[in-house]
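Where a number appears in this text, it was derived from the coordinates with a stated rule and is not lab data. On a predicted model such as this, the values are computed, not experimentally measured, just so you know. Note that each Cβ is placed from the backbone with ideal geometry, even for glycine, and that neighbours are counted across all protein chains shown.
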Amino acid sequence: MEIKKMFQKKIDRPIRGVIKIGNEEENSFQELDEYVVTNELQKHLGKFFSSYKKGVKGHTDEVGVWISGFFGSGKSHFLKILSYLTKNNKVNGRRAIDFMEDKIHDPMILSDLKLAGNITNDVILFDIDAKSEANSKSDKNSIVRVMNNAFNEMQGFCGSIPWIADIERIMYKDGLYEDFKATFREISSNNWEEAREDFYYEEDSIIEALCRTTEMSEDSARNWFQRAEQEYSISIERFAKRVNEYIESKGDNHHVLFFIDEIGQYIGEDSQLMLNLQTIIHEFGLKCKGKAWVIVTSQEDYDSFMSVRGNDFSKIQGRFDTKLSLSSAYVDEVITKRLLLKNEYGTDTLDELYDKNNSIINNSLTFSDDTAEMKKYTNKQEFIDVYPFVPYQFTLLQKAISEIANHSNSSKHQSRGERSLLNAFQEAAINYSDKNEGSLIPFSAFYQPMEQFLESSTTRVIIQAYKNTRLEKYDVEILKLLFLIKYLKELPSTLENISTLMVEHINEDKIELKRKIEKSLIRLTRETLIQKNGDEYIFLTNDEQDVNREIKNMHVDTAEVIHKLGEEIFGGIYLDKKYRHSAKHHFSFNAKIDDRPIGMQSNSIGLKILTPYYEAEMELNSSELKSMSMRETNVIVKLPLDAPYLDEMEEILKIQSYLKLKSGISVPQAIEDIKTRKSREVSTRKSRVNIYLREAITQAEIYANSQKLDIKEKSPDERINEAFRALVNSLYNKLHYIEEFVDSTKQLHDLLHESEQLTDENNHLAVKEVDMYINRLSTRNHPVTIKTVTSHFSKQPYGWNEIDTTSLLIKLFKDQEIKLLLNSTYLHSSDKDIINYLTKRDFVDRVLVKKRERISPLLLKNVKDLSKELFDISSLPSDEDGLMKRFKELARDEKHRISNLLVYYKNRSYPGQEVLLDGIQLFEELLEIREASTFYHYIRNNRKELKDFAEKVKEVKGFFKNQQDKYDRALDRIDIYEQNRPYINDQEILTTITEIEKVVKHVHPYQNIQKLPELCQAFDERFIELLSEECEPIKTNINQDQLTVMEELEGLPGIRAELASQFREDFNNLKDRLDRVNNFFEAIAMQTESDRLKVRYIDKIQQEVNKKNAQNRQEVEEEHDSDNDREIVTPLKSNKTKTISKQDILRGTKKIENKNDIDKLLIEIREKLEEQLEEDTIITLV
């Protein structure tokens, strides 16, 4: 049976696949009759009429309805059906609501429909984009203007010129409108409705008709005509008020409904238009109270529309309280019921066909695993309902059309809004209607229904392909298919998927079909109409073909391709920079691809990847590869000859070269978009390169250590690591000598300073290897450093970690098998930085390692014996280093004690200083020795000096402990004597001092120090006796000086009262000091001090007398009446007085033997007095 005979209704009958607003009367019957109410649509109808009922039965301000849905969801059709149902006109003798009775199965919804249909209303249905003027969107009030025009048109007024509609409305209210139209016809011979849009051509006729019909004068009519357009404005508030006035004029619960199609497309990104629309809803709700409604459609649902455009609308989102979102989930149901319903014969035929072929029908409709779910026939009934289509085609075509529109440079909303899935399926069915049962419609058949809406850049490719003599007709069908699925990410355009989409019969031989398609793909690729990208085949537009040709001609060097593959392998697949043989052993390796190094090449092992390019040049066989693996100590990975990654990487580099060449150059937007897609293509190809290389390594031949390794197909990492393991086990055959490992320098520190050591049983072979190596080099007098040792054992056949080798050196060091030197100084375990010296880069090249010389037991005993004599310590370690360390600690302490004793010699001369200095020198030399052998030999060579020091230092220590105080007292007596030597001529004291000096100045005074207390006592007694004798005349002189001063105060009662106590106190203090004096020179000095006190105080008395006399003279001049009553103080002298001590005039000892000596003395006294004598001066000798 032919397909066209299977349908209940003729498949080629006229069906308005695209619902257009504006042709309601023409199509209303078919639209109502064939409208399919799905479960989703029934729910939306119920929600709408439930909301609408609020305005029918009462008042509401929730009068906004937002209907959303993407292409194919039927939102425009739904809007139109709503307008039919609310208007509820008769269509072919049936009310619109009657058509729904067998489509809606919910009685509540039907009840609401009938309630709405029983009231009067005006339905205003329009496409806002078609209704508005071309430049009106720039006006923020454009929506209210369009609605106002539609409202005017509904009332029979001018729908395009609102100020004309205003004058018409005024005349209508005054009952003059019909008279005006008749008068205008009489004047101009034209109908007013036809002529009013030619407003300016009918100026005189309009003015005359206005004057004759209304009470306007010609001047006022002409003035209105000229100014009406300029002065016209319409606000949202005025418009809402106008609509409400109209509703009230109709009465009887009249409603006005505005059905506006594609409002979202019209608003676009203009936030002001959205605010304008929602303000209209708000004003309608306030003023009309549920009698005026606004129902709009948009591609996007309301919430998405708001969130995409920002937060400006968050406060007014409640304006559209009724939101209806139409999905495309039921598009197959709509198409099936409206277009594909089968008649009885068709149903029987398909029933039989399914029963015979149900096991193979879906087998030919399989897609690749990376494809999103594609719905197949689930049962017989679905097969009958959908045939000759396949279930997945409904959603797939919808997505294809949407994506093509998204990638189109023309108006995207037009692409979505003017095409219909229903139309596409009908046209495809018509084209295959002559086929017999069993035939299926391939996906490429949907190209023709869409062709008229496609851009010329696309259709031109198909047209040229038809004209291409090197292509077959079927090739063009494949090309059409590739265009349809070009932008579908969920459907990779692989050979498997293409063949499934092109199945034309339920018994299609899929294998043969693939062969046929593959040939077509090769021809299309050769003609650059498509491009192969991995396993996918991509349709190319003309611009894309041009770009691909340019990319194809870009030159890329083979070396660059290989290098980039190497970077991908070592940077994207085998990421390890070191091969981890075990938790403790990591081996750096050289990386190569063919003969091209990747990174530094300084390691002892390597990984070498060989591509088919290398094999083509070298003609390698298995023997050569084995030899290469041994010669180069590399793991050799020979990739298979099947190498799609080479082509992929070459294409990547060509694309990158093209993009770099075109960077910064101004090109058309279409080319810029292609460049962007090419950038994404690079990323995709890189991912495939990674996948292909992983597969290649998984299947590659691997060689190591002159053997072809039998490694199973595992992941690349696992195969390479297993090969490295075989290589390392062969090259580093002593790696296992170390069984106990060190992880940190802290462990090295613990090993060095704690008693616990590395277990001999675990690492004994490794310790032995290191010891033998050091001994071997030392025997040859080769300098050995820490770096020398660690480097040697990091290489083959050892491969030990440096820190592990260092731990072995520490073990040998602690076992006193080796010694360490830094800057010619031997290191000891006590050195705080020794671990740094053994591990830090700055030191490991400078620290020398030497085989240690064994110390004889005799030398060890010598040190122990000396320790007993020097330090009185006999409990000492028995090992070489321990004994040396302890002896040096004791020596250091002794040196410190000696240093403390030497401090005493800074202030006084004590006996034994040379002994202490000699000891300090011995200990300093000893403590500077770092090397054990030198230390023990030094002790032996200086044994006598050390023993002598031990004996002598005991006397010195005893002196400071028991005799120092006596010695100090003796030195004090010597100091007193030396200070008073000029004043002492006593023989007894001289004898005593001589005896004291004999003791304290002796080199070894220790035995005679016992005599010093008695000698000090004798000195003290005689010295005090002599000093007392010296002080007697001095004290007499002080008393005489005091008496002289006090006599000067006699007769001066006022001055005496002020000064006497101070003078007396000062002289008494001087006498007290004289009584306490302990040396002669201080006592003698006090006599001079007394004389000077006398002179100073007599001068002070004279100054006070002069001051009082001056005061008396001033008082006499001011108060003559009181002269008899005043106490007159008579001055000692009327002139200036100078006081001079007699001692100053007559100094020193004078010897007089004759009269001449007397004369000389008098002349000397006279000269000194004349020097002091001045005019008006009296000299007082005291």
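Expressed as a rounded percentage, what relative contact order does region 913-1049 have, with Cα pairs under 8 Å and six or more residues apart? Each step should come with its number before you reach the end.
Details: 55 pairs, mean separation 29.4, N = 137.
Once normalised by length, the contact order is 21 percent.
In a simple Cβ point-charge model (Lys, Arg +1; Asp, Glu -1; nothing else charged), region 732-851 has a dipole of about 720 debye relative to its Cα centre. The spacing between region 447-503 and region 654-724, judged by their C-alpha centroids, is 29 Å. Summing charges over all other residues whose Cβ lies under 14 Å from the Cβ of GLN963, with Lys and Arg as +1 and Asp and Glu as -1, gives +4. Seen against the Cα atoms of the chain and their longest principal axis, helix 473-484 is set at about 50 degrees.
Sorted on the mean count of surrounding Cβ atoms within 10 Å across their residues, most packed first, peptides 109-118, 622-631 read 109-118, 622-631. Rounded to the nearest 20, the Cβ-based charge dipole of the chain about its Cα centre (Lys and Arg +1, Asp and Glu -1) stands at 4280 debye. Stretching the chain fully between ALA670 and ARG470 yields a gain of 69.2 nm (0.36 nm per residue, less the alpha carbon separation).
Between 0 and 90 degrees, rounded to the nearest ten: what's the tilt of helix 142-154 against the longest Cα principal axis of the chain? For helix 142-154, the angle is close to 20 degrees. Our summary gives the chain a relative contact order of 7 percent, counting only alpha carbon pairs under 8 angstrom and 6 or more residues apart.
Highest first, please rank the peptides 590-603, 263-276 by the mean number of other Cβ atoms sitting within 10 Å of their residues.
Most protected by this proxy first, the peptides run 263-276, 590-603.
Taking every DSSP helix (H) stretch of at least 4 residues in the chain, weighting each as -39,500 (n - 2.57) and dividing the sum by the residue count yields a mean residue ellipticity at 222 nm of -18500 deg cm²/dmol.
Simple point charges give the picture: +1 on the Cβ of Lys and Arg, -1 on the Cβ of Asp and Glu, and for region 153-234 a dipole about the Cα centre of about 180 debye. Shape analysis of region 753-858 places it in the rounded category; the axes a ≥ b ≥ c from the Cα gyration tensor give an a/c below 1.5.
With 0.36 nm allotted per residue and the present C-alpha distance subtracted, the ILE430-ILE1152 stretch has 242.7 nm of extension available.
Placing dummy labels 7 Å off each Cα toward the beta-carbon, the span from GLU567 to ASN363 is 4.9 nm.
Fully extending the segment from ASP595 to ASN89, taken as 0.36 nm per residue of separation minus the present Cα-Cα distance, adds 173.5 nm. The DSSP beta bridges internal to the chain are antiparallel in roughly 45% of cases. Using the Karplus relation 6.51 cos²θ - 1.76 cosθ + 1.60 with θ = phi - 60°, the per-residue 3J(HN,Hα) values for region 998-1008 come to 4, 6, 6, 9, 6, 5, 10, x, 4, 6, 9 Hz, with x marking Gly and Pro.
Shape class for region 689-775, computed from the alpha carbon gyration tensor (a ≥ b ≥ c): prolate, with a/c not under 1.5 and a/b above b/c. Close amide H contacts of PHE7 (hydrogens built in the peptide plane, cut-off under 5 Å, sequence separation of 5 or more or a different chain): ASN343. When the GluC sites (Glu not before Pro) in region 177-257 are filtered for DSSP coil states and for at most 12 other beta-carbon atoms within 10 Å of their beta-carbon, the remaining sites are GLU215.
How would region 954-1087 be classified by its alpha-carbon gyration tensor: rounded, prolate or oblate, with rounded meaning a/c under 1.5 and the a/b versus b/c comparison settling the rest? Note, shape of region 954-1087 comes out prolate. Positive end of the dipole of region 153-234 (Cβ unit charges, origin at the Cα centre): among LEU210, GLY175, PHE199, the Cα lying farthest that way belongs to GLY175. For the chain, the longest principal axis of the alpha carbon atoms and the long axis of helix 760-779 meet at an angle near 60°.
The HN-Hα couplings worked out from phi for region 1055-1072 by the Karplus form 6.51 cos²θ - 1.76 cosθ + 1.60 (θ = phi - 60°) are 6, 4, 4, 7, 10, 4, 4, 5, 4, 5, 5, 5, 5, 5, 4, 5, 5, 4 Hz, whole numbers, x standing for Gly and Pro. Packing-based ranking of 358-371, 733-746, 494-507, 1155-1168 yields 494-507, 733-746, 358-371, 1155-1168, ordered from highest to lowest mean Cβ neighbour count within 10 Å. When the GluC sites (Glu not before Pro) in region 828-914 are filtered for DSSP coil states and for at most 16 other beta-carbon atoms within 10 Å of their beta-carbon, the remaining sites are GLU853.
For the chain, the residue among SER28, ILE506, ILE1165 whose Cα projects farthest onto the positive side of the dipole built from Cβ charges is ILE506.
Within the set of other residues whose C-beta is less than 10 Å from the C-beta of PRO391, count the net charge using Lys and Arg as +1 and Asp and Glu as -1. Present the calculation step by step, with values, prior to reporting the outcome.
Working: positive: LYS375, LYS376; negative: ASP332, GLU382, ASP385.
Here the count lands on -1.
Going toward the positive end of the dipole of the chain, with +1 on Lys and Arg Cβ and -1 on Asp and Glu Cβ, which of ALA221, PHE99, HIS764 do you reach last? The Cα lying farthest towards the positive end belongs to HIS764.
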